[in-house]
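K.L.:
My questions will all concern the structure given below.
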2 protein chains.
Amino acid sequence: MTPRKTGEQRKAEIIETALLLAAELGPDRITAEAIAIRLGISQPAIFKHFPRKGDIWDAVIDWLARSLGRVWTESTTDEPPEQRLFALLDAHFAFIAAHPAVPLVLLSPELQARHPPLRQTIMRLMALFHTELRQAINAGPSPPGNADQRAWMMLSLVQGIAVRWALSGHAFDIRAEGGELVRLVW
Amino acid sequence: MTPRKTGEQRKAEIIETALLLAAELGPDRITAEAIAIRLGISQPAIFKHFPRKGDIWDAVIDWLARSLGRVWTESTTDEPPEQRLFALLDAHFAFIAAHPAVPLVLLSPELQARHPPLRQTIMRLMALFHTELRQAINAGPSPPGNADQRAWMMLSLVQGIAVRWALSGHAFDIRAEGGELVRLVW
DNA sequence: CGTGCTAGTAAGTTAGCACTTACTTACCAA
DNA sequence: TTGGTAAGTAAGTGCTAACTTACTAGCACG
């Protein structure tokens, strides 16, 4: 029998593996068996920890929302005000670079169709990111004009860069190129 | 028996329906049966026209690539040079507004995993769009600096807007808001 | 008017994948 | 030491969706 682990350990491993595989296959093509093989356990063992497959997505999304929230708020602690926006965006890019599946999970229409709760979380996360961006924009030496709209613009730009990075097969350094493009706009 | 149509007519209908359903369910969740029901014919009839399901995607992607190419080149005919960029982007947004599934099909990692040829077409299309953007940028009263990078920035912004529009359930007017954001950046 | 072609149908077959059942074994606590 | 709990397994079940087979029927043309 395979080495036994505690439920909490296995749950964490399953979540981690789901994110890993999501980057390779697309989030909606992950099977319980694929996760099990990757972890060296049998397929039904997965369902011991997450009775329905949707529960895995609940857990992944929960982890994602927590992590992103933490990344955003912690990035803006003690920067000089005009750097707050860049620090926020850099932290975001760094997180995506470390977890390439993040944009795929958040943006997958297939997963949203199969798993409706995802949609709400995404809208909440986008609103939260928008708020953080707006605050960072207002904190800096802002050009005149609509900070709200500028924040939406930055949000779209960041999402677009992330999507392009995923499509290209991670062919460029998203943190470096993202930072450049963001500064170019500003 | 259902009214008979020519093969060409049916093929066109199937492609159109696939795009319609892609916007509702996500591209990788479309079934041959869903298309058949929508068209009022039986499921095997689909396979008369497209022996493998992947053939439908080949046709959809081909239509998409042609249409986008046409939209881009035809938008830049007789504008005053400084308006060329905005005309190009407006044409792009208008096309997406008319065919909401376009960004989903192009960006679906599930579909890419299932149907590898898609990936190449996407990269080609992105490169083409980038070229068009760069030319439009160079044609206008360009600020100093890297037109190449500006074109990537615009491309990312446009993709980000399209993705956000799709995620929001088409909750805003992409042509109007896209135009505003693009002008804000410029 | 009939013959060949092609769009269509009903009723399969097969494969993949979520999930179940019935059992086994590791591990901790009384 | 032992007995309950929880992690694990092998071998299913059932559903969904791609694709097949064998047949039927419109339609253009000689």
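K.L.:
Here are the criteria: (1) within 7 Å of chain B (Cβ to nearest Cβ); (2) without any contact (Cβ under 8 Å) to a residue 24 or more places away in the chain. Tell me which single one A:Ala151 does not satisfy.
P.N.:
Going through the list (1) within 7 Å of chain B (Cβ to nearest Cβ); (2) without any contact (Cβ under 8 Å) to a residue 24 or more places away in the chain, A:Ala151 breaks only (1).
K.L.:
Restricting to the stretch A:94-117, give me the number of residues that are in a helix (DSSP H, G or I) and of a type in the set (S, T, N, Q).
P.N.:
Summing the residues that are in a helix (DSSP H, G or I) and of a type in the set (S, T, N, Q) in the stretch A:94-117 gives 1.
K.L.:
Still on this structure: Sort out which residues of the stretch B:42-70 are crowded, with 18+ Cβ neighbours inside 10 Å and more than 16 Å from DNA strand C (Cβ to nearest atom), and write them in order of number.
P.N.:
Once the filter is applied, which keeps residues that are crowded, with 18+ Cβ neighbours inside 10 Å and more than 16 Å from DNA strand C (Cβ to nearest atom), the stretch B:42-70 yields B:Trp57, B:Val60, B:Ile61, B:Leu64, B:Leu68.
K.L.:
Can you tell me which residue among B:Glu132, B:Glu79, B:Glu74 is more than 11 Å from chain A (Cβ to nearest Cβ), outside any helix (DSSP H, G or I) and not aliphatic (A, V, I, L, M)?
P.N.:
It is B:Glu79.
K.L.:
With the requirement that a residue be among the polar types (S, T, N, Q) and in a loop (DSSP other than H, G, I, E, B), what does the stretch B:135-157 give you? Break it down stepwise before answering.
P.N.:
Pass one, the stretch B:135-157, residues among the polar types (S, T, N, Q): B:135, B:138, B:142, B:146, B:149, B:156.
The answer is B:Ser142, B:Asn146.
K.L.:
Just need a number here: residues in the stretch A:1-50 that are within 20 Å of A:Gln112 (Cα to Cα), in contact (Cβ under 8 Å) with a residue 12 or more places away in the chain and acidic (Asp, Glu).
P.N.:
Result for the stretch A:1-50: 1.
K.L.:
Go through the stretch A:34-49 residue by residue and tally those that are within 11 Å of DNA strand D (Cβ to nearest atom) and under 24 Å from the mean Cα position of the chain (by Cα).
P.N.:
Number satisfying all stated conditions: 4.
K.L.:
Can you tell me how many residues within the stretch A:25-41 are near DNA strand C (Cβ under 8 Å from one of its atoms) and either open to solvent by 70 Å² or more (accessible area, probe 1.4 Å) or within 14 Å of chain B (Cβ to nearest Cβ) (or both)?
P.N.:
Summing the residues that are near DNA strand C (Cβ under 8 Å from one of its atoms) and either open to solvent by 70 Å² or more (accessible area, probe 1.4 Å) or within 14 Å of chain B (Cβ to nearest Cβ) (or both) in the stretch A:25-41 gives 5.
K.L.:
Given (1) touching a residue at least 60 places away in the same chain (Cβ under 8 Å); (2) more than 15 Å from the chain's Cα centre (by Cα); (3) within 11 Å of another protein chain (Cβ to nearest Cβ), identify the lone condition not met by B:Phe172.
P.N.:
Checking B:Phe172 against (1) touching a residue at least 60 places away in the same chain (Cβ under 8 Å); (2) more than 15 Å from the chain's Cα centre (by Cα); (3) within 11 Å of another protein chain (Cβ to nearest Cβ), the one that fails is (1).
K.L.:
So if I check each of A:Ala18, A:Ala22, which one is assigned to a helix (DSSP H, G or I), within 12 Å of DNA strand C (Cβ to nearest atom) and within 17 Å of the chain's Cα centre (by Cα)?
P.N.:
On the way: A:Ala22 fails: within 12 Å of DNA strand C (Cβ to nearest atom).
None of the other options fit; the residue is A:Ala18.
K.L.:
Would you confirm whether or not the stretch B:1-11 contains a residue that is out of contact with any Asp or Glu (no Cβ under 8 Å at 6 or more places or on another chain), away from DNA strand C (no atom under 11 Å from the Cβ), more than 14 Å from chain A (Cβ to nearest Cβ) and part of a loop (DSSP other than H, G, I, E, B)? Write out each step before concluding.
P.N.:
Step one: list which residues in the stretch B:1-11 are out of contact with any Asp or Glu (no Cβ under 8 Å at 6 or more places or on another chain), which gives B:1-4, B:6-11.
Next cut, away from DNA strand C (no atom under 11 Å from the Cβ) only: none.
Taking every residue of the stretch B:1-11 in turn, none turns out to be out of contact with any Asp or Glu (no Cβ under 8 Å at 6 or more places or on another chain), away from DNA strand C (no atom under 11 Å from the Cβ), more than 14 Å from chain A (Cβ to nearest Cβ) and part of a loop (DSSP other than H, G, I, E, B).
K.L.:
Okay, moving on. Go through the stretch B:154-168 and report how many residues are more than 8 Å from chain A (Cβ to nearest Cβ) and over 15 Å from the mean Cα position of the chain (by Cα).
P.N.:
Residues that pass the stated criteria total 1.
The values are calculated or read from the model by the stated rules, or taken from the named source; none is laboratory data. Bear in mind the structure is a predicted one, so any value in this text is a computation, not a measurement. Neighbour counts run over all protein chains shown; Cβ positions are idealised from the backbone, glycine included. These accessible areas exclude ligands, DNA and RNA; they are computed on the full protein's heavy atoms, side chains included. Shrake-Rupley method; radii C 1.70, N 1.55, O 1.52, S 1.80 Å.
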